[in-house]
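Notes for the one structure printed next.
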């Protein structure tokens, strides 16, 4: 039996991030940005996708491990399992993902009225495409 096909999503898809968004939220952001109708709104994400191993064990199957010994050698480095890039080959780890539409949260307005300037901008984009 052939699997049924899903209807394509034609509506705008928006993902929002801020400066503390990292890990899976950044993976989701990369996926949405690669959709023809996907847009990233908010602030640059934190840049923390890279899987790290903090144990003093070398994992040769992932080429992850340590150089040096923490607190004992002049150089100590822990090595990531991977590095993540955009389709344009821009490094994400330690840099973050810049939004298509940058919007800051107006904290004073949010604290006074509960109005979220980032969410408002995302809703405007969904409603108008602009």
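Nothing in this text is a laboratory measurement; each read-out follows from the coordinates by a stated rule. Predicted model only: the values in this text are computed from it and were never measured. Every residue, glycine among them, receives a Cβ derived from its backbone with ideal geometry; neighbour counts consider all protein chains shown.
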Next item on the list: Describe numerically, in nm with one decimal, the distance between label points set 7 Å from Cα along Cα→Cβ at residue 19 and at residue 113.
Entry: 2.4
Checklist line | Ascending count of other beta-carbon atoms within 10 Å, so fewest first, for 16, 24 | finding: 24, 16
Note to self: For a Förster distance of 35 Å, can you work out the FRET efficiency between the beta-carbons of residue 101 and residue 73, rounded to the nearest 0.05?
What the structure shows: 0.15
Next item on the list: Sort 45, 25 so that the residue with the fewest other Cβ atoms within 10 Å of its own Cβ comes first and the one with the most comes last.
Entry: 25, 45
Checklist line | Sequence of 86, 128, 17 once ranked by neighbouring C-beta atoms within 10 Å, starting from the fewest | finding: 128, 86, 17
